[in-house]
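Asker: Okay, handing you the structure first.
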Amino acid sequence: MDTSCQQKVEPDTNDKRLLNEFRSPPLRSRTAVTANKARAILVAREAQRGVLYSESSCTHIMTQMGLELHDAASTGDYDALEEYVKSGKYDLNLKDIDTHNRTALHWACQKGYVECIRLLLEYGADGSARTSSGWTPAHCAAESNRIPALRALHAALVPIDRKDKFGDTPRRIASIYGHHDCVKYLLQAEAELVERRKTGGILEEEDDDFSDDDNGSA
């Protein structure tokens, strides 16, 4: 979890519903995770073919994986993210199994990089993508008390009240972590969502709660 910008309230570890996310590895540079993946692939190939791979080959494999999006989103590197997104070569909804199926948008919301969030959504990133435990990007933003990130999602007509596989909404996550201002904002946003649904502002199929179909490896 990111503690560099703000002090966070530890969740109640007796709440079994949160343990899946709370026990996940601490947030770190996506570059380190990507490099580990590349090395693992190289080791496997070397074992099979006896070939040594250069650093440039390692970089090429990383590019094929498409996780540069996650790197850029998690560090707030807007220029790099814009280049990747506009190239059309990357799957904006690629899930990283090393971080419980987070997408680039999950990372941008977790870290609160609003411009990156807007860019990803503008080019078609799924605002309701699910992690292994059913967390949407809004859950990640709520956990880290990133109200501007939640505002960006809400302004883009992304539902910010969807339940995870344990039945918890982003507001519930914010409450558990003691983010009172975040809870207050989400209460207001949820009231607006009710009105949006009445007027058809959110499509019904975009407003379902978590199911196994949302995440192939759940």
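Asker: Against the definition (in contact with a Ser or Thr (Cβ under 9 Å, 6 or more places away or on another chain), more than 20 Å from Glu192 (Cα to Cα) and outside any helix (DSSP H, G or I)), how does Ala108 come out, yes or no?
Answerer: Here the answer is no, as Ala108 does not meet what is asked.
Asker: Which members of the stretch 91-146 meet the condition of being buried (at least 21 other Cβ atoms within 10 Å of the Cβ), of a type in the set (Phe, Trp, Tyr) and more than 15 Å from Ser74 (Cα to Cα)?
Answerer: The answer is Trp135, and nothing else.
Asker: Can you tell me which residues in the stretch 86-104 are under 25 Å from Gly134 (Cα atoms) and part of a helix (DSSP H, G or I)?
Answerer: Correct list: Ile97, Asp98, Thr99, Ala104.
Asker: Given Asp161, Asp181, which one is assigned by TED's automatic domain parsing to the domain that holds Ser74 and part of a helix (DSSP H, G or I)?
Answerer: Testing whether each residue is assigned by TED's automatic domain parsing to the domain that holds Ser74 and part of a helix (DSSP H, G or I) leaves just Asp181.
Asker: Name every residue in the stretch 80-135 that is more than 12 Å from the chain's Cα centre (by Cα), among the small types (Gly, Ala, Ser) and within 21 Å of Arg151 (Cα to Cα), in order of residue number.
Answerer: Gly124
The values are calculated or read from the model by the stated rules, or taken from the named source; none is laboratory data. Quantities reported herein were computed from a predicted structural model and do not represent experimental measurements. With ideal geometry, Cβ positions are generated from the backbone for all residues, glycine too; neighbour counts draw on all protein chains shown.
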